[in-house]
1. Taking the conditions exactly as written (more than 15 Å from the chain's Cα centre (by Cα), free of Cβ contacts under 8 Å to residues at least 12 places away in the same chain and outside any loop (DSSP other than H, G, I, E, B)), does residue 41 satisfy them or not?
2. Condition first: touching a helix residue (DSSP H, G or I) at 6+ places or on another chain (Cβ under 9 Å), surrounded by 10 or more Cβ atoms within 10 Å (Cβ to Cβ) and on the phi < 0 side of the Ramachandran plot. Can you find one or more residues in region 31-46 that meet it?
3. Which condition number does residue 49 fail, the rest of (1) surrounded by 10 or more Cβ atoms within 10 Å (Cβ to Cβ); (2) modelled with pLDDT of 95 or more being met?
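The values are calculated or read from the model by the stated rules, or taken from the named source; none is laboratory data. Because the structure is a prediction, the values reported are computed rather than measured. Note: ideal-geometry Cβ built from the backbone for every residue, glycine included; neighbour counts use all protein chains shown.
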């Protein structure tokens with residue numbers, strides 16, 4: 001986790017076919033099934049020429065949700081379950 005990048009992408013050309021191939025490699029801690037599904041769905045939409053919906057929320061809202069979680073009972077229970085505390 002200390003060696004970057006934790007995710008990377010690229011575009012390569014297949015020599016024989018002349019086609020381009022997009023690739024994505026990431027550490028499992030960077031994306032779960034839900035988030036990777038969103039990335040794939042949005043990439044497919046962009047490749048079809050569709051416009052993506054604007055992002056919902058903002059960074060301040062995400063920070064507020066995280067702070068609420070960290071200060072709450074659920075965080076304590078999660079830490080106990082995973083043996084962190």
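1. Judged against the criteria, residue 41 is not a match.
2. Looking through region 31-46, at least one residue is touching a helix residue (DSSP H, G or I) at 6+ places or on another chain (Cβ under 9 Å), surrounded by 10 or more Cβ atoms within 10 Å (Cβ to Cβ) and on the phi < 0 side of the Ramachandran plot.
3. (1)
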